[in-house]
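Remarks on the structure that follows.
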Amino acid sequence: MVSAQTEKNPKNYSMTAKDIHKYFGGVKALEGATVAITKNKLISLIGPNGSGKTTLFNVITCWLSKTDPREAEEAEETEESFRGNIMNWLSKKFGSNGKEELEEIGSVMFEDLKIDGLSTHEAALTGMMRTFQTTRNWPKLTVLENLLVAPHRQTGESFLNLFFRRGKIKKEERENTLKALEILEFLEITHIRDQLGEELSGGQLKLLALGRLLMTAPRLILLDEPMAGVNPTLGNKIMDKILELKVDSTIFLIEHNMDVVFNYSDEIFVMARGKIIAQGTPNEIETNREVIEAYLGADY
Ligand SMILES: Nc1ncnc2c1ncn2[C@@H]1O[C@H](COP(=O)(O)OP(=O)(O)O)[C@@H](O)[C@H]1O
Ligand SMILES: [Mg+2]
């Protein structure tokens, strides 16, 4: 078997996450989740609350590190038994626990790059970008400024320049401003452009997060419930805009609104208890819907 480090993604995949485990103490949020995300498609991830969707996004984007289930079990045993403690001490002291010989469990590849093991910051510079279920922004900057910060933050440049050189804004910065204004208009939030991030409602924050995403050009976009708290008309408009992004990007979407999921996805992954239990086109998933509902309950 090829080891995780040397394995490359087939060219048509943007990202693959294989056999991912994540334990929070005794809570097994992910138990061997595997997804392969085809380039330039919109792929959805559905499943009941608490099934591990957000945790999977967190591991993919390096906001959380994956768990090695063998180490977790070992730690549990060690905690339980005095003998375990002694053995652990002995193996540490004499270095013969043989861990190096074990093949790594679980891997995340973004294009040809091994992602798991990177810091959150490093992962953010690889060309993948995410939005959050609970939206984050710069609370003391205005909506417009929040958008202008986005592309600079992405490339790691100093964005403060923008505020110190207001008098002679360079061409690139003017273009960014024009782009930001266009995005505000598209999202129908021009009227709040001078409001501070901290003054926005939940729905407005979602729109701002999408706006920041539209300012940059990530190759992989991970969206965690972007429609929650947004009215359906605007929600559909946003989805249409997201579809346009497929020309240059791949979209991985967590969404509870099944109409959105079934109308817009190229492929759907169904998650339950930390595992993918079904995968297919909307038609294929629809065909299996009864089976899935029987397994998950109607509420997924
Ligand atoms: N930081 C954390 N600490 C402890 N438990 C967590 C943490 N994050 C998630 N969990 C648990 O992991 C499971 C999966 O959560 P989550 O990935 O948020 O599910 P979903 O996004 O599908 O609703 C849940 O049981 C949740 O309570
Ligand atoms: Mg979630």
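Residue-by-condition table, conditions (1) within 16 Å of ligand 2 (Cβ to nearest atom); (2) on the phi > 0 side of the Ramachandran plot:
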{"position": "Leu222", "(1), (2)": "yes, no"}
{"position": "Thr233", "(1), (2)": "no, no"}
{"position": "Asn236", "(1), (2)": "no, no"}
{"position": "Phe252", "(1), (2)": "yes, no"}
{"position": "His256", "(1), (2)": "yes, no"}
{"position": "Ser265", "(1), (2)": "no, no"}
{"position": "Gly274", "(1), (2)": "yes, yes"}
{"position": "Asn288", "(1), (2)": "no, no"}
Among (1) within 16 Å of ligand 1 (Cβ to nearest atom); (2) modelled with pLDDT under 95; (3) under 24 Å from Asp19 (Cβ atoms); (4) among the β-branched types (Val, Ile, Thr), there is one condition Val261 misses while meeting the rest; what is its number? (3)
For Asp259, work out the one condition from (1) of a type in the set (D, E, K, R); (2) in contact (Cβ under 8 Å) with a residue 12 or more places away in the chain; (3) open to solvent by 20 Å² or more (accessible area, probe 1.4 Å) it doesn't fulfil. (2)
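Residues checked against (1) free of Cβ contacts under 8 Å to residues at least 24 places away in the same chain; (2) open to solvent by 20 Å² or more (accessible area, probe 1.4 Å):
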{"residue": "Glu199", "(1), (2)": "yes, yes"}
{"residue": "Leu213", "(1), (2)": "no, no"}
{"residue": "Leu222", "(1), (2)": "no, no"}
{"residue": "Gly235", "(1), (2)": "no, no"}
{"residue": "Met239", "(1), (2)": "no, no"}
{"residue": "Asp248", "(1), (2)": "no, yes"}
{"residue": "Ile251", "(1), (2)": "no, no"}
{"residue": "Glu255", "(1), (2)": "no, no"}
{"residue": "Tyr264", "(1), (2)": "no, yes"}
Can you spot a residue in region 84-106 that is open to solvent by 80 Å² or more (accessible area, probe 1.4 Å), within 16 Å of ligand 2 (Cβ to nearest atom) and modelled with pLDDT under 95? no
For region 5-42, how many residues are touching a residue at least 12 places away in the same chain (Cβ under 8 Å), within 16 Å of ligand 1 (Cβ to nearest atom) and of a type outside the set (Val, Ile, Thr)? 10
Residue hits (region 204-225; small (Gly, Ala, Ser) and within 18 Å of Lys140 (Cα to Cα)) are Ala209, Gly211
Does Ile242 qualify as being under 26 Å from Leu141 (Cβ atoms) and away from ligand 2 (no atom under 16 Å from the Cβ)? yes
Just need a number here: residues in region 120-149 that are within 12 Å of the chain's Cα centre (by Cα) and open to solvent by 20 Å² or more (accessible area, probe 1.4 Å). 6
Do you know which of the residues in region 43-66 that are part of a strand (DSSP E or B) and buried (at least 23 other Cβ atoms within 10 Å of the Cβ) is farthest from ligand 1 (Cβ to nearest atom)? Ser44
Positions within region 223-252 being more than 15 Å from Met128 (Cβ to Cβ), more than 16 Å from ligand 1 (Cβ to nearest atom) and acidic (Asp, Glu), in sequence order: Asp240, Glu244
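Could you run through region 108-134 and say how many residues are basic (Lys, Arg) and within 16 Å of ligand 2 (Cβ to nearest atom)?
Total satisfying the criteria: 1.
The values are calculated or read from the model by the stated rules, or taken from the named source; none is laboratory data. Only a predicted model underlies this, so the values are computations on that prediction, with no experimental measurement involved. Neighbour counts run over all protein chains shown; Cβ positions are idealised from the backbone, glycine included. For accessibility, only protein heavy atoms count, side chains too; no ligands or nucleic acids. Shrake-Rupley method; radii C 1.70, N 1.55, O 1.52, S 1.80 Å.
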